[in-house]
Amino acid sequence: QVQVVESGGRLVQPGGSLSLSCVFSGIIFERYAMGWFRQAPGAERELVASISAAGRTNYAEFVKDRFTITRDNNRYMVYLHMTNLSPEDTAMYYCNANGIDSWGKGTLVTVSS
């Protein structure tokens with residue numbers, strides 16, 4: 001059974017930085033591409049960033065040059081480092097393994113002064 005646990009979300013001021021983490025269990029981690037998604041209140045879930053099994057990264061246009069996704073295959077973890085945060089980044093953030101319909105509870109990021 002695949003399990004994923006996200007952490008690191010909190011209240012942060014506009015312009016601030018924050019790093020999120022997620023840890024997986026129940027999969028052969030290094031074989032999968034990974035992604036960070038977010039869902040704002042009243043909106044659909046959207047892809048923020050992804051990283052392939054080989055480490056190639058892709059970013060949504062709205063976070064490009066501000067967010068960085070990385071992975072640690074030894075620890076089964078995926079990270080999202082976020083900078084220059086704005087209130088529009090407020091959302092629940094989720095981690096997902098590509099092709100696996102198993103989601104964690106997410107971690108809440110609130111950007112507000």
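Treating only the Cβ atoms of Lys and Arg (+1) and Asp and Glu (-1) as charged, compute the dipole magnitude of segment 55-97 about its Cα centre; round to the nearest 20 debye.
I would put it at about 240 debye.
Under 8 Å for C-alpha pairs, at least 6 residues apart: give me the relative contact order for the chain, rounded to a whole percent.
So the answer I get is 37 percent.
Packing-wise, with mean Cβ within 10 Å as the measure, how do 65-78, 37-50 rank, highest first?
65-78, 37-50
Read phi for every residue in segment 56-61 and hand back ³J(HN,Hα) as whole Hz from Karplus 6.51 cos²θ - 1.76 cosθ + 1.60, θ = phi - 60°, with x for Gly and Pro.
With the stated coefficients, segment 56-61 comes to 6, 10, 9, 9, 5, 4 Hz.
Once you charge only the Cβ atoms, +1 for Lys and Arg and -1 for Asp and Glu, what is the size of the charge dipole of segment 1-59 about its Cα centre, to the nearest 20 debye?
The dipole magnitude comes to about 60 debye.
What FRET efficiency would be calculated for the residue pair SER19, GLU61, taking the C-beta separation as r and a Förster radius of 25 Å, to the nearest 0.05? Could you put the intermediate results ahead of the total?
On the way: r = 21 Å, r/R0 = 0.85.
Approximately 0.70, to the nearest 0.05.
Please report, in debye to the nearest 20, how large the charge dipole of segment 21-113 is about its Cα centre when each Lys and Arg carries +1 at its beta carbon and each Asp and Glu carries -1 there.
Dipole size: approximately 240 debye.
Bear in mind these aren't lab numbers, they're just calculated from the coordinates by the rules spelled out. Given the structure is predicted, the values throughout are model-derived calculations rather than measurements. Cβ: placed from backbone, ideal geometry, glycine included. Neighbour counts: every protein chain shown.
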